[in-house]
Structure formats: C-alpha cells, structure tokens
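Okay, structure first, notes after.
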Amino acid sequence: MVDAHQTFVIVGAGLAGAKAAETLRSEGFTGRVILIGDERDHPYERPPLSKGYLTGAEPRDSVFVQQPGWYAEHDVELHLGQPVVHLDRRTRAIRLGDGTALHYDKLLLATGAEPRRLDIPGTDLAGVHHLRRLAHAERLKQVLAGLGRDNGHILIAGAGWIGLEVAAAARGYGAEVTIVEPEPSPLHAVLGPEIGGVFTALHAEHGVRFHFGAKLTGITGQDGMVLAAVTDDGQEHPVHDVLAAIGAAPRTALAESAGLALASRAEGGGVAVDASLRTSDPDIYAAGDVASAEHPLLGVRLRVEHWANALNGGPAAARAMLGQEVSYDRIPYFFSDQYDLGMEFSGHAAPGTYDQVVARGDVGKRQFVAFWLREGRVLAGMNVNVWDVTDPIQRLIRSGRPVDPDALADPSVPLASLLD
C-alpha cells in the first residue's frame, strides 16, 4: 500500500533509473515512486545493443531490466514515451511533454547520454546510423544482416568500444567493414598505444580495414542512400552505410536549465554531484551516464558511461535519497566481447596519468592481464581472456600501495599475494 506522504521522482527510465526504483522499494520506502522515460520501451540494459542482441545471440526480451508487470506489482508509476520538459526547483515540480505537472520531495536525474553527431554534410541520408537506443539496435541489426547477404559495406566512424563491437557484429553477418579513426590506434584514449594495437590485430585478422589518422569530412549519396564517405586526407570510401560511433554526450539540458551545477568539460561534463550523488540542490540527485561524481577513493571527479556505473549508481543514489550515509567509491568497471576476445577493465588511467604498462601472460595470443601503473601503484587493470581476476585487480587499485612490476608481470605469482 502506497503512502502518499512523500513522492520520489526518477527522470530517466534506463538501468540506473530502474535499479533506483527497485532499491527504493527493497529498502522499505512506502511513498510514491514515479519513473519517467522518454522512450516507449520498458527500462532495458544497453550492453546487448552492441553485443548479444545485435549479433543475434540473445533475444530481444533479454535486454529488459524487469518483466513489464514488475512495476505495477511494486507500485512504481511508470510514464513511458514522456520527456520531462521543465524542472522548477523552487516549487519542486516537473512538467512532462503532455503538460502533466508532478510534485517531488526528492528527484533523481538519470537522463543518461546521447550519441554525438557527425557535423559534416550528408548525415541526413537514410544509411547514416547511431547506436544508443533499442530502436537503433533493431534497425542496425536488420542493416547488418542485409549487408551480409548482399556483400555490402559499412563504414564506422570511431574505434571506441561501440565502434569495435559493431564491427565484430558486422563481420559476423558477413558485411565488409572499414573503421575511420583520427587517433593512431583503437581505444587510444582508454588503453593508450601500448595495448590498443591488440585490437588492431584482432579486427584485421577478421577482415576489418582501418584508416587511422583521419576524420570524415562528408558523406555522399543518391536518392537518399549512402554511396561513399570522404576523409580529410582526400580518400573516398565507397560504402552503403555509415555508423557514427564517436562517443556520447551527457543529457544535461534539464539540469542546466534549472541552474544545477555542471562539471567542466575536462571532467567529462555532466551534472556535478558529490560522493553521495547529491547535486548542488539538496533535494536532487544524479546517477548513471549523466552524473560526474567526486570519487572518494581516486580523488578525481569522474563521469563513467558504462553499465556497471548505472547498475550500482542508481541504487546508491536511491539510498542517499532515503537519508542513508552513502560514499559511492566503486572502481570503474566495464567489459567487452569481440569475436573470441572477452575482456574486463577496472580502474581509471587517463592519458598522461600513468608512467608504465605491465603485462602478464601472452599478449600475442590475446590471453593476458595488463596493468597501468604510476610510481609502481596500480591505476587500472584489464584482463583479456583471463577470468576470475577482477577482484584482486580492484583490490590492488584500492590499496594504493606500490607493487613490484616484475612480480606483477610474472604469471606464477598470484595476484592476491601482492596484497600481503
């Protein structure tokens, strides 16, 4: 039975928002819980959109956070297909696109991010795609299957995680793939030149063509269809489709118009929150892709766009909304699956913050663990086709203690022993 003495509103019906609603109920909150999403689909997880669902390995229903009936069963008022167009902090009210006004006692912004757009001629052609929403994945899945049948060619702008995962899916369907990337290697800003080459070799072995050190300057077409993409070095790539995979921008418009503090561009942008995920307004919190949080362990402000942050950040924000003491200090974590390569990455090692990369195992055979160090301390670790090591990697990061690089590189030395 819902007690209407308090109303908690969650704007954003993705993983962070859905898990926050679930946590409010599991923690015993009896007030109104209102979950609002601008998509018509029930809350879903995004990793399958470029992984299992896109490849055809997982069914559509597998992406959803809860079964549709769960929300009514737990007295969560779900508003789908409804954007929030206004936030009034003075009256603690929001207004939906259809004019509905809703009061809140506590508000959680879990508005996520949106794909960055290519600012070049030709992006209005039918064969130009983005991948962020379930509808995008459904369309792209059909496109890749058609390209595979017809020996078609897709060009992917960007060699980040999404670009590489879509490339692997496309090759699985039999489509031809070219990746255009301005940096000298894939994932350059995440892995640096030391490890990025592993992914160059992986995709090259599967027939993907890379064009590094270049940017798209235009897309040409006829009758609405893509014919070719042109890069800034004058090359023309005949293709049938183009995917823009050049990153995502936090959806901060609502927060900005309401006067909430935002993080700087150097900090990844997003809504600025403290370690309890509270914004500059004590009644408003933010979690997931849109939140730039003060990390109490790493000592920096971070905006993390990965699944684990939404999975854990939503519940953390919900507990803070309930008045519990929260210090959100999760080690950033993400994973990827490409062909026969599976990997997990823990930590944060931005370019220029580390002075050494150490690998244990066989990098050439793509069965190894890599560590990013600064003055002997582990900042981040990535395990590739090596499993059950995430816990000791994260413990090494948390410890902040110097580690012998030779021992770190020696597979005969258990990682757990380096913590003794």
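The values are calculated or read from the model by the stated rules, or taken from the named source; none is laboratory data. The shown structure was predicted, so the numbers you read here are calculated from the model rather than taken from an experiment. Don't worry about glycine lacking a Cβ; one is built from the backbone with ideal geometry, like all the others, and counts go over all protein chains shown. All accessible areas refer to the heavy atoms of the entire protein, side chains included, with ligands and DNA or RNA removed. Shrake-Rupley method; radii C 1.70, N 1.55, O 1.52, S 1.80 Å.
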Determine ³J(HN,Hα), in whole Hz, for all residues of segment 187-204 in sequence, where each value follows from phi through the Karplus function 6.51 cos²θ - 1.76 cosθ + 1.60 and θ = phi - 60°; x replaces Gly and Pro. 6, 4, 6, 9, 9, x, x, 5, 10, x, x, 4, 7, 4, 5, 4, 6, 4
Just to check I understand the Karplus step: with θ = phi - 60° and J = 6.51 cos²θ - 1.76 cosθ + 1.60, what whole-Hz values come out for segment 85-101, glycine and proline as x? 9, 8, 10, 10, 5, 5, 9, 6, 9, 10, 10, 8, x, 8, x, 5, 9
What fraction, in whole percent, of alpha-carbon pairs in the chain exceed 28 Å separation? 52
Placed amide H near ILE10: partners under 5 Å, 5+ positions off or other chain: ILE34, LEU35, ILE36, LEU108
With the 8 Å Cα cutoff and a minimum separation of six or more residues, segment 40-99 has a relative contact order in percent of 27
In order through segment 216-230: 3J(HN,Hα) via Karplus (6.51 cos²θ - 1.76 cosθ + 1.60), integer Hz, x for Gly, Pro: 6, 10, x, 10, 10, x, 8, 6, x, 9, 6, 10, 6, 10, 10
With the crude spin-label approximation of a point 7 Å out along Cα→Cβ, what separation in nm comes out for GLN324 versus GLU205? 4.4
Among 176-183, 389-396, what's the highest-first ranking by average C-beta atoms within 10 angstrom per residue? 176-183, 389-396
Find, among the trypsin sites (Lys or Arg not before Pro) in segment 139-234, those assigned to loop by DSSP (not H, G, I, E, B) with at most 11 other beta-carbon atoms within 10 angstrom. none
For LEU131, enumerate residues with amide H under 5 Å from its amide H, sequence gap 5+ or separate chain, H modeled in the peptide plane. none
Show the residues, 5+ positions off or on another chain, whose built amide H is closer than 5 Å to the amide H of GLY122. ILE219
Helix-only mean residue ellipticity at 222 nm for the chain, each DSSP H run of n ≥ 4 adding -39500 (n - 2.57), per residue, nearest 500: -7500 deg cm²/dmol
Rounded to the nearest angstrom and ordered from largest down, what semi-axes does the equivalent ellipsoid of segment 166-233 get from its C-alpha gyration tensor (root of 5λ)? 24, 17, 8
Bridge type composition, segment 1-140 - antiparallel percent by DSSP, nearest 5: 40
Ignoring ligands, DNA and RNA, what percent of the 1.4 Å accessible area of segment 207-366 is carbon and sulfur? 48
Compute the relative contact order of the chain as a whole-number percentage, counting only Cα pairs closer than 8 Å that sit 6 or more residues apart in sequence. 14
With 0.36 nm assigned to each residue of separation and the Cα-Cα distance removed, ALA261 to ALA145 gains 37.3 nm
What does the accessible area per residue of the chain come to in Å², with a 1.4 Å probe and no ligands, DNA or RNA counted? 43
Between ASP3 and SER399, what is the label-point separation in nm under the 7 Å Cα-to-beta-carbon projection? 4.7
Cα lying deepest toward the dipole's positive end in segment 293-420, options ALA293, PHE368, LEU408, charges on Cβ: ALA293
